[in-house]
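For reference, the structure is listed below as structure tokens.
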Amino acid sequence: GARRPPPARPGRGARAPRRVRPPGFRVVVRPSPWRLGPGRRALLAEWLRGWVGAACEQRPELAAAGEAYLRRRLAECAAGRLRATVGHADLLALPADGGGR
């Protein structure tokens, strides 16, 4: 069967080429920022909920301020006034011998 690299884990893109280089594969990483705005309101709102939720999970004392911030920013999102650029990188592992093209 075809060789496959191990599955990627969230948040590992920047370190993966150095730390998760499967034997027999070459790893290519390219920046691919997500630009979210009025045309992707549902995705922007979901990302915002997760981002604020993660911050409040890490620092529970931020819960009250986080809820107020989230309400305000979700209202801006619904009105089409919110934009975000989320740093992201795409990672591709290819067989080093050129197989699987």
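The values are calculated or read from the model by the stated rules, or taken from the named source; none is laboratory data. These figures come from a predicted structure and were not determined experimentally. For neighbour counting, all protein chains shown are included, and Cβ atoms are generated from backbone atoms with ideal geometry for every residue, glycine included. In case anyone asks, the SASA skips ligands and DNA or RNA and just uses the protein heavy atoms, side chains included. Shrake-Rupley method; radii C 1.70, N 1.55, O 1.52, S 1.80 Å.
Against the definition (open to solvent by 40 Å² or more (accessible area, probe 1.4 Å) and of a type outside the set (Ser, Thr, Tyr)), how does Ala79 come out, yes or no? So Ala79 fits the description; yes.
Every condition in (1) farther than 11 Å from Ala45 by Cα; (2) free of Cβ contacts under 8 Å to residues at least 12 places away in the same chain; (3) not acidic (Asp, Glu) is met by Ala75 except one, and the failing one is (1).
At least 3 residues being at pLDDT below 95 is the threshold, and among the strands (runs of 3 or more DSSP E) wholly inside the chain those reaching it are 25-31, 89-95.
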